Amino acid sequence: MTEALAGLIAAAAAFVGTHFALSHPLRAPLVKAAGEKGFQAIYSLVAFATFGWLVVAFRSVPGNAPLWNGFASALWIVASLLMLVASVLLVGSFLGNPALPAPSAAALAERAPHGVFHVTRHPMMWSFALWSAAHVLVSPTPRVIVLTLAMALLALAGSHLQDRKKEHLMGPAWNGWEAQTSYWPRFTVLGKAGLVPWLGGLILWLGASWAHGWLIAIPAGVWRWLG
């Protein structure tokens with residue numbers, strides 16, 4: 001293992017570890033000591049600092065030979081479809097999501113599942129996990145694998161821990177929401193996501209995949225074949 005790759009692993013561990021620590025065991029004592037606003041300031045500072053370290057560490061690792069041929073057309077098709085689904089889930093996650101911090105969260109949890117919540121109660125987190133899977137498929141280099149595994153772990157383990165926290169904070173409201181929804185995504189019911197998530201997700205997917213080629217000179221999505 002090179003020194004640069006070891007540094008990337010350390011940065012990824014710090015980014016993921018501090019998120020888990022601050023969101024769960026350290027949250028209550030820090031809120032008690034610094035207040036809610038003080039805690040949010042600490043959380044944001046640590047998140048930005050560790051993310052910055054992660055970006056710098058990622059860029060310092062050479063793009064070594066991939067473990068398989070990520071330029072195969074079949075892999076790009078699968079990755080593009082994964083990113084489309086991820087985009088739909090991400091857009092839909094902002095529409096009446098009881099997992100997001102809001103005064104009306106408990107009331108939202110008492111509603112029947114709607115939109116992308118037919119698929120999973122953690123659409124935002126699963127969108128990040130699908131992003132990770134898509135990028136490993138087409139760019140299976142050591143640095144990309146470390147980065148994407150860190151993001152997937154943060155998203156999926158984080159959503160599981162979020163369930164436990166919401167059960168404690170929201171009680172019956174969240175328990176009822178859990179009973180009506182699924183942690184694991186049910187992709188067979190994506191058709192129930194609704195018009196807004198699909199339309200917004202399609203726009204996001206097209207825009208982000210176009211920007212992908214413009215920013216890093218690697219065409220993605222439909223632009224890979226239209227270009």
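Key figures
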read-out: 22 Å Cα cut-off, lysine pairs counted over the chain (separation 8 or more, or different chains); value: 4
read-out: Longest to shortest principal axis, alpha-carbon extents of region 96-227, angstrom; value: 51, 34, 28
read-out: Largest-first principal axis extents of the Cα set of region 1-122 (Å); value: 50, 38, 17
read-out: Nearest-10 value in Å² for the accessible area of GLU110, using the 1.4 Å probe; value: 130
read-out: Furthest towards positive pole of dipole, TRP177, THR141, VAL46, structure part the chain, Cβ charges; value: TRP177
read-out: For region 80-95 versus region 6-56, the gap between their alpha-carbon centres in whole angstrom; value: 26
read-out: Cβ-based charge dipole, the chain, positive-most Cα from LEU108, GLY63, LEU215; value: LEU108
read-out: Principal axes of the chain: Cα extent on each, largest first, Å; value: 50, 43, 25
read-out: Accessible surface, region 19-160, averaged per residue in Å² (probe 1.4 Å); value: 49
read-out: Exposed-loop-free span, longest in the chain, where chymotrypsin sites (Phe, Trp or Tyr not before Pro) count as exposed if DSSP calls them loop and at most 13 other C-beta atoms lie within 10 Å; value: 72-227
read-out: Protein accessible area in region 8-70, 1.4 Å probe - carbon and sulfur %; value: 73
read-out: Rg to Rh quotient for region 143-212, alpha carbon positions, Kirkwood Rh; value: 1.07
read-out: Test item: Cα-centred dipole of the chain, Lys/Arg +1 and Asp/Glu -1 on Cβ, debye; value: 120
read-out: At most 16 other Cβ within 10 Å, DSSP loop - trypsin sites (Lys or Arg not before Pro), region 133-227; value: ARG186
read-out: Kyte-Doolittle mean at least 0.0, axial Cα span of 24 Å or more - DSSP H helices of the chain; value: 3-23, 27-60, 73-92, 142-170, 195-216
read-out: Chain lengthening between LEU81 and ARG186 when straightened (0.36 nm per residue, less Cα-Cα); value: 36.2 nm
read-out: Global form of region 100-171, assessed from the alpha-carbon gyration tensor, a/c cut-off 1.5; value: prolate
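The values are calculated or read from the model by the stated rules, or taken from the named source; none is laboratory data. Fair warning: this is a prediction, and the values are worked out from it, not measured in the lab. Quick reminder, even Gly has a Cβ in these numbers, built from the backbone with ideal geometry, and neighbours come from all protein chains shown. Side chains included, ligands, DNA and RNA excluded: accessible areas come from the protein's heavy atoms. Shrake-Rupley method; radii C 1.70, N 1.55, O 1.52, S 1.80 Å.
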